[in-house]
Amino acid sequence: MHVQRGFLLLMTLATAAVSALEQDVARADELGASAAQTSASIPDFSGIWAHPYWPGFEPPQSGPGPVTNKSRLRRGRQSGVSNPFQLVGDYTNPILKPWAAEIVKRRGEIELSGMAAPTPLNQCWPGGVPFIFFSPGMQMLQQQEKITIFHGDQFRQVRLNQPRSTPVTPSWHGDAVGHYEGDTLVIDTVGVKIGPFAMVDMYGTPRTEALHVVERYQLLDYEVAKEALERNAKENFRFPPGVIPLDIEPNYRGKHLQLQFTVEDEGAFTMPWSATITYGRGVGARAEYVCAENPHDYFTGTDAAVPRADKPDF
């Protein structure tokens, strides 16, 4: 009996030793992989990138995609693309919950009446992700502990290799954390604050506090990016050269920066959906959009009541 117990004890200790050894090897492999990623060359996404298209999102190659424009240009070189002067969202898109579809429909009716429906852009209001991806220009600044991204007149900062804030305090651009996966920058954002113009696109597609956006940035050769560029040209209006300060060289064939993003919001959408934005290197200057006071109310078509003093100060 003692021999049997001793044998069982010996086998137990041996099993524990093997298990500990396997765990040590696994930890060593993880540390080795982490060290390799740290020492590897980080992809260079820095600089100014241009996407001179309106209103911006490129439908995905497959799967559920964003709301698109029901109003299309009927003549000219860009016949068939999104009408830049009339943003009428397709409220029949199956990603929309009924209440969200009704909002998109009502906003489309405003646009069809000849007026511009209010957005964070025309109402001088902060726009969170993915709304601010509409900007035709983007500049990225990569640093060791954070990444700063400029979208038009707004910018946001992404903490690298850091845990999510607990609890998350809602802010206009949300709580964004990022990391590199090989040649891809991954940014995960939650906690985008809800305001009077809480929407994800120019069609007024609403969002809720449950919004979760994951962005993946990757450099692509022209031949790889070509399919997305062609898909984009069929959907979005291309600003003619010289209309905006920032553009892409007509025959640019260099590296492209592609943003693939996925949106989840169980409050507004029936399912996750995705889209892409494919940037080329920008030429010209990133425009500044000053919107401190906008005296025009795009919703009513009348001048807004900008605060005025009853009498001169001097």
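Once you list every other residue whose beta carbon is under 13 Å from the beta carbon of residue 268, what net charge do they have if Lys and Arg are +1 and Asp and Glu are -1?
Net local charge, residue 268 excluded: -4.
Which of 51, 173, 212 has the fewest other C-beta atoms within 10 Å, and how do the rest follow up to the most?
Ordered by Cβ neighbours within 10 Å, fewest first: 212, 173, 51.
Could you calculate the FRET efficiency of residue 234 with residue 208 from 1/(1 + (r/R0)^6), where r is the beta carbon distance between them and R0 is 45 Å, rounded to 0.05?
E between residue 234 and residue 208, to the nearest 0.05, is 0.90.
Could you grab the relative contact order for the range 47-303? Cα pairs under 8 Å, six or more apart, rounded to a whole percent.
This gives 27 percent for the range 47-303.
Tell me the GluC sites (Glu not before Pro) within the range 162-241 that lie in a loop according to DSSP and have at most 15 other beta-carbon atoms within 10 Å.
Those satisfying the criteria are 209.
Diagonalise the Cα gyration tensor of the range 47-303 and give the resulting equivalent ellipsoid semi-axes, square root of 5 times each eigenvalue, largest first, whole Å.
26, 23, 19
Contact order normalised by length for the range 151-244, with contacts defined as Cα pairs under 8 Å and 6 or more residues apart; what percent is it?
20 percent
Tell me, what does the Kirkwood hydrodynamic radius of the range 187-267 come to in angstroms if you use every pair of distinct C-alpha atoms?
15.4 Å
Multiplying the sequence separation of residue 106 and residue 44 by 0.36 nm and subtracting their Cα-Cα distance, what value in nm do you get?
So the chain would gain 18.0 nm between residue 106 and residue 44.
What nm distance separates the two modelled labels at residue 164 and residue 113, each placed 7 Å from Cα along Cα→Cβ?
Here the modelled spin labels are 4.0 nm apart.
What is the count of Lys pairs in the range 47-303 whose alpha carbons sit under 13 Å apart, if the two are 8 or more places apart or on different chains?
Going through the range 47-303 pair by pair, I get 4.
Give the long-range amide H neighbours of residue 160: residues separated by 5 or more places, or on another chain, with amide H under 5 Å away, using H modelled in the peptide plane at 1.01 Å from N.
146, 147, 178
Taking 0.36 nm per residue of separation and subtracting the Cα-Cα distance, what length does fully extending residue 188 through residue 172 add?
Length gained, residue 188 through residue 172: 4.3 nm.
By how many nm would the segment from residue 146 to residue 311 lengthen if fully extended, with 0.36 nm per residue of separation less the alpha-carbon distance?
54.6 nm
Give the order of 199, 140 when sorted by the count of other beta carbons within 10 angstrom, beginning with the fewest.
140, 199
Only the coordinates and a few stated rules stand behind these numbers; no lab work does. On a predicted model such as this, the values are computed, not experimentally measured, just so you know. Backbone-built Cβ (ideal geometry, glycine too); neighbour counts: all protein chains shown.
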